[in-house]
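First comes the structure, then the notes that go with it.
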Amino acid sequence: MSAHASKEFVPLNIAVLTVSDTRNEQTDTSGQYLVEALGAAGHQLADKRITPDDIYQMRAVVSAWIADPKVQVVLVTGGTGFTDRDSTPEALAPLFDKTVDGFGELFRQISLADIGSSTVQSRALAGLANRTLVCCVPGSTGACRTAWEGILLEQLDARHKPCNFIPHVRFASAPCESRG
């Protein structure tokens, strides 16, 4: 791709990880929402898992996806709060080659309308690792919807201007150009 935006949609292979000590496939509404949303947008589900809120188990799963040339995006839901077990940022931030500071900032800004000042307790984050985009959002289905509809739907679409994440994931070759 030679430009920052394309005229055609580019489907991505996206893996979804739910971080929870209590959810299973039947009760994982947040992970299921992300699976349905990415499919409705035209992307492919590369894999879906649920792991306990354990730093090393999270790192193992996400590291395998980062190393897998077929996975371009990893969406993680859960473990971004302040309870004793919430450790997604501590687990995954060390894996990032580059952080996407604006992701967490924008997520909190968008969330303000829904949850008010409680948005300061979200530690949503994103980064690039081995040309794989990793986005971590809170575990509620509402937070996943906020992230998908307010950020990810556009940023995972090659047609979104002035730029999107498509040039930065594994198969792409051109950086995001300036807004000129």
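The values are calculated or read from the model by the stated rules, or taken from the named source; none is laboratory data. Please read all numbers here as calculations on a predicted model, not as lab measurements. Cβ: placed from backbone, ideal geometry, glycine included. Neighbour counts: every protein chain shown. Please note that ligands, DNA and RNA were not included when accessible areas were found on the heavy atoms of the full protein model with its side chains. Shrake-Rupley method; radii C 1.70, N 1.55, O 1.52, S 1.80 Å.
Ordered from highest to lowest accessible area with the whole protein assembly present and a 1.4 Å probe, Cys135, Cys163 read as Cys163, Cys135.
Over the C-alpha trace of the range 59-132, radius of gyration and Dmax come out as 13.2, 40 angstrom.
A 1.4 Å probe, protein heavy atoms only, puts the accessible area of Thr83 near 90 Å². Residue ranking by accessible heavy-atom surface, 1.4 Å probe, largest first, among Lys161, Lys48 comes out as Lys161, Lys48.
Using C-alpha pairs below 8 Å separated by at least 6 residues, the relative contact order for the range 44-122 is 26 percent.
What number, in percent, do you get for the relative contact order of the chain if the mean sequence gap of Cα pairs under 8 Å and at least 6 apart is divided by its residue count?
Working: 365 pairs, mean separation 51.1, N = 180.
Once divided by the residue count of the chain, the mean separation gives 28 percent.
Each of Gln155, Ile115, Gly127 was placed along the dipole of the range 105-165 (beta-carbon charges, centred on the mean Cα), and the one lying farthest toward the positive end is Gly127. Largest to smallest in accessible area, the residues Arg170, Arg159 fall in the order Arg159, Arg170 (1.4 Å probe, all protein chains included).
Between Val74 and Ala15, Leu133, Val134, Cys135, the built amide H atoms are under 5 Å apart, and every one of these is 5 or more places off in sequence or on another chain.
Averaging over all projection directions, the Cα-based convex hull of the range 7-73 occupies 4.9 nm² in the image plane. In this structure, the amide hydrogen of Thr18, modeled 1.01 Å from its nitrogen in the peptide plane, lies closer than 5 angstrom to those of Arg49, Ile50, Thr51, Thr77, counting only residues at least 5 positions away or on a different chain.
Here Lys70 is the anchor, and the aspartates and glutamates within straight C-alpha reach of less than 16 Å, apart from those fewer than 8 places off in the same chain, are Asp47.
What the Cβ-Cβ distance of Phe82 and Lys7 gives, at R0 = 35 Å and to the nearest 0.05, is a FRET efficiency of 0.20. The string of couplings for the range 79-86 from the Karplus curve (6.51, -1.76, 1.60, θ = phi - 60°) is x, 9, x, 10, 5, 4, 8, 5 Hz, one whole number per residue in order, with x for Gly and Pro.
Applying the Karplus relation 6.51 cos²θ - 1.76 cosθ + 1.60 with θ = phi - 60° to the range 89-105 yields 3J(HN,Hα) values of x, 5, 6, 9, 4, x, 7, 6, 7, 9, 8, 10, 4, x, 4, x, 4 Hz, where x marks Gly and Pro. Of all aspartates and glutamates in the structure, those lying under 15 Å Cα to Cα from Lys161, and not within fewer than 8 positions of it along the same chain, are Glu8, Glu177.
By the Kirkwood approach, averaging reciprocal distances over each pair of separate Cα atoms, the range 1-146 gets a hydrodynamic radius of 15.5 Å. For Phe96, no residue has an amide H sitting under 5 Å from its own, ignoring neighbours fewer than 5 places away on the same chain, with H placed 1.01 Å from N.
Placing unit charges on the Cβ atoms only, positive for Lys and Arg and negative for Asp and Glu, gives the range 1-145 a dipole magnitude near 320 debye about its Cα centre. When the helices of the chain are scored as -39500 (n - 2.57) per DSSP H run of n ≥ 4 and the total is divided over every residue, the value at 222 nm lands at -8500 deg cm²/dmol.
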